[in-house]
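Reviewing the structure listed below.
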Amino acid sequence: MVAVKPHNFRQWGLIGLAAVFLLVMLVLPLILVASEALAKGWQVYLDALNEPFARKALFLTLEATVAAVLGNTVFGLASAWLLTKYDFRGKAFWSSLLDLPFAISPVVAGLLFVILFGRMSPIYPFLRAEHIAIIFAVPGIILATVFVTFPFITRELVPIMEAQGRSEEEAAATMGASGWTIFRRVTLPNIKWALIYGVILCTARALGEFGAVSVVSGHIRGKTNTLPLHIEILYNEYNFTAAFAVASILVILAVVILILRNLVEWRAKRGLRNGN
Amino acid sequence: MKSFSNKKVIPGYRFTCGITFFYLSLILLIPLAAFVLYTAGMGWEKFLAVVLDYRVFHAYYISLLTALAAAVINGVFGLLLAWVLVRYDFFGKRLLDGLIDLPFALPTAVAGIALTTLYAENGWLGQYLYALGIPSAFSPLGITLAMVFVGLPFVARSVQPVLRDLDPQVEEAAALLGAGDWLTFRRVIFPELVSPLLTGFSLSFARGVGEYGSVVFIAGNLPYETEIAPLLIMAKLEQFDYQAAAAIALVLLLLSFAILLVINGYQRYRVQKQGV
Amino acid sequence: MKARKWFGLAAGVLFTIGALTGCSGDTAADNGSAGKEFLNVSYDPTRELFAEFNEKFKEEWKKESGEDVTFSQSHGGSGKQARSVRDGLEADVVTLALAYDVDEIAQAGLIDKDWIKKFPDNSAPYTSTIVFLVRKGNPKNIHDWNDLVRDDVQIVTPNPKTSGGARWNYLAAWEYAKEHNNGDEAKIKDFLKVMFSHVVALDSGARGATTSFVQRGQGDVLIAWENEALLSVKDAPNDYEIVVPSISILAEPSVAVVDEVVERKGTRKLAEAYINFLYSKEGQEIAAKNFYRPRDKEVAAKYANVFLPLKLVTIDGAFGGWTKAQKEHFADGGTFDQIYEKK
């Protein structure tokens, strides 16, 4: 679809409405975060970010995010392929099941893993004997993050793959192409934007996840505190400014990802033009 | 999972099916089964007593209603955003586009605090709304606002890729045949967007129903007025009554699942009808 | 064609990061069994207290035993922290907001049932109480609990159902009403019913309530723990002042050694020394500096201008202990639910 320069009143109106909506619902809260973060000046802001616990929390958050995005990308591609390229019984059911993590309150999502791996679980004695720490340790945090983010990529891919139908893939298959070749040569070029969107949503959500991780983390400073949990702790000890300063890091991270996306988009476009 | 036809022309069915169900079992089904078994341990009588309590009932009502309102708002504005971003070129478009994902990256608690600060009686926006007699914080409206914020990216991001890939020739043909803009939109474009729109709507709705972190700050949490179901889950946990918490969570989950199932079923139905 | 190369590159980078961070994840998990680690699981506003205390104790313990110990802290809502310990968080000691939460861990078999008698003063080395925080100059003229039922007064307090600390607030109000109504339970409930009908926001935690009051300008009075009220006044001495009611409750944050964990890790001696150090002059001084009322008479005398005297009842004396209070007032169908019942 080619974008056009808006040229009449109605088109400008639509843009204006969208901009106002984003301004009120999104930009103002972000400005607020920024103004609170800098309320006591740059020095306090930088000090809050330089704290060793904040850095460790940032590292843990990145770790969980990368793990979640990797796993979910593989899963998202496989499940979207499954849901759109084949017919099988109970598709609506399985498809709804995929959305379920969105419907589960994050707190309950965390609770699921506590029930499964915690002291009340039948497998707990075994885990303890083998010194396997899942909840209140890094693996639990990764599991919780994966859980709350895993539908994103599938959800982004399914509508577009559905809209494109199967004819191209079927044609390729009849000509004897392998599944991997079909995916790489036929499907992927068609779905790459949806995939990128999905990965970005998944990354953003994984960075900010709070509720589920908070239940399985144990809140040990410097070990199992992710950035959002660190923010909560700062807030709870009446350190408003530092809490918002650390929150602004998450916003900046999200912005960095967006810049990366734009870069990829730009390179891809240029490549296309050169190819032509 | 048995197929009812031999139409699996495209290779990779076993492979994608394997990955999907392995991952799904590991992350979702096993924890969920443990959770349901755990809840079952409480017995019917207690289960019913917990979930049918009048106050709990009222909390479901508030949660579902506010989530529905938020999903509708997100549906309308999400479509608008996607449209504006795909169709028009204007200054600052990249920025607008990038902003949409930020609600995910911001930890829900930070979002809640920021929104409450904005919409409280002495807030930047709250002061005007309160002057107009609209209590924008500590009211169902406040809850809805928080849910709009956390669910904002869903609709826009589902619609965007589909809109982007829409074939411009169909529209041009419609225009050549003399159809006006509105008619073209309604008859040619909109039907293509129903599927992603419904996806986005249901995700935004489901997210709203389960949302806790951001809503508690702006809700005020007064019983029968602004008490949401996830808060009651927390209250039960705080009394160390895991089973009662699990019971409320389970009901909430089933309600959301039912809604997702209806929407997904309807989408399948549409796809099949189009296929014929 | 270019696009595909980018994809390959991105995937490769992601995979490498994943592999690297995966390794670091393993080492973090292994630390749990190392033995020279010590974890104090505490509740929210005690972080600065224990950050300072851990430093002091680390030196002390090094002198005494020659061991180097890494002290870790964990903070969160008191009830949530208790649940984490019960579900397997390996805490050597817990320092929580109320005895009920420690009891709950004891019931799971991790702590000896008689924990409260293991250390002096009900295993509560420092205390606090419930006071009112009002706006500077006290414009609504609030002096005692009966001012809170006046029609022109709006109240902010956290929800006792979700906040352990808020349960002390509720019980303090209950005690005042009991004293002024000769123990007539119907009248006490009426008093609380009116009082809670003036509550404009029932935040889920103490911090949220303070924010509603301080940042949002909600309400005329915040019912709060003394240490948190003192913190707010310290931050903004020109905006708020503290009002001490005629009667309040002695809040006793409990400490205990988690027996099951210290036995397994072999850290019992360390854990006991840690808690005993809280009762020492130095420990008491640190508590007082962080606005908790010290038990030690000398230290208390030094800080007498900070902690104003008032009539305090104890949970054991007035309510027969936490288990009973929890059941009567905060369990489902308890008095708190009753005052919120729809007519």
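Below, the figures for the structure above:
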| item | result |
| --- | --- |
| Some residue of segment B:60-77 being surrounded by fewer than 19 Cβ atoms within 10 Å (Cβ to Cβ), farther than 30 Å from A:LEU70 by Cα and not aliphatic (A, V, I, L, M) | yes |
| Qualifying positions in segment A:204-214 - within 8 Å of another protein chain (Cβ to nearest Cβ) and out of contact with any Ser or Thr (no Cβ under 6 Å at 6 or more places or on another chain) | A:ALA204, A:GLY208, A:GLY211, A:SER214 |
| Given (1) among the polar types (S, T, N, Q); (2) at the interface with another protein chain (Cβ under 9 Å from one of its Cβ atoms); (3) more than 14 Å from B:ALA109 (Cα to Cα), number of the condition A:THR241 does not satisfy | (2) |
| Helices (runs of 4 or more DSSP H) (entirely within segment A:123-192) containing at least 1 residues that are crowded, with 24+ Cβ neighbours inside 10 Å and either within 9 Å of chain B (Cβ to nearest Cβ) or free of Cβ contacts under 8 Å to residues at least 12 places away in the same chain (or both) | A:138-149, A:151-164, A:167-174 |
| Residues being farther than 16 Å from A:TYR197 by Cα, touching a residue at least 40 places away in the same chain (Cβ under 8 Å) and of a type outside the set (Asp, Glu) - total across segment A:72-99 | 7 |
| Test: residue in segment A:106-123 that is among the hydrophobic types (A, V, I, L, M, F, W, C), at pLDDT below 85, touching a Lys or Arg at 6+ places or on another chain (Cβ under 9 Å) and under 30 Å from C:LEU110 (Cα atoms) | yes |
| Residue list for segment C:121-164, filter: of a type in the set (Lys, Arg), under 17 Å from C:GLU226 (Cα atoms) and part of a loop (DSSP other than H, G, I, E, B) | C:LYS136 |
| Counted residues, segment C:197-213 - those being assigned to a loop (DSSP other than H, G, I, E, B), within 18 Å of B:GLU225 (Cα to Cα) and more than 7 Å from every other protein chain (Cβ to nearest Cβ) | 1 |
| Filtered residues of segment C:214-238 (kept if in contact with a helix residue (DSSP H, G or I) (Cβ under 8 Å, 6 or more places away or on another chain), in a loop (DSSP other than H, G, I, E, B) and within 22 Å of A:ASN239 (Cβ to Cβ)) | C:GLN215, C:ARG216, C:GLN218, C:ALA236 |
| Count of segment B:228-254 residues which are more than 7 Å from every other protein chain (Cβ to nearest Cβ) and either polar (S, T, N, Q) or surrounded by fewer than 17 Cβ atoms within 10 Å (Cβ to Cβ) (or both) | 2 |
| Among the candidates C:ALA124, C:ALA97, residue that is closer than 20 Å to C:ALA288 by Cα, out of contact with any helix residue (DSSP H, G or I) (no Cβ under 6 Å at 6 or more places or on another chain) and not acidic (Asp, Glu) | C:ALA124 |
| Residue check, C:GLU175 of a type in the set (D, E, K, R) and touching a residue at least 40 places away in the same chain (Cβ under 8 Å) | yes |
| Residue count for segment B:202-216, restricted to those that are aliphatic (A, V, I, L, M) and more than 7 Å from chain A (Cβ to nearest Cβ) | 2 |
| Hits in segment B:167-180 (condition: assigned to a helix (DSSP H, G or I), of a type in the set (Asp, Glu) and surrounded by fewer than 13 Cβ atoms within 10 Å (Cβ to Cβ)) | B:GLU172 |
| A:SER79 being part of a helix (DSSP H, G or I), closer than 30 Å to B:GLY200 by Cα, at pLDDT below 85 and of a type in the set (Ser, Thr, Tyr) | no |
| Per-region count, segment B:162-192, residues touching a residue at least 24 places away in the same chain (Cβ under 8 Å) and closer than 29 Å to A:ALA103 by Cα | 4 |
| Test: A:LEU112 is among the hydrophobic types (A, V, I, L, M, F, W, C), free of Cβ contacts under 8 Å to residues at least 60 places away in the same chain, surrounded by 24 or more Cβ atoms within 10 Å (Cβ to Cβ) and assigned to a helix (DSSP H, G or I) | yes |
| Odd one out for A:ARG89, checked against (1) assigned to a helix (DSSP H, G or I); (2) surrounded by fewer than 16 Cβ atoms within 10 Å (Cβ to Cβ) | (1) |
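The values are calculated or read from the model by the stated rules, or taken from the named source; none is laboratory data. Note that the coordinates shown come from a computational prediction; the quantities given were computed from them, not determined experimentally. A quick note on method: Cβ atoms are made from the backbone with ideal geometry, for glycine too, and the neighbour counts reach across all protein chains shown.
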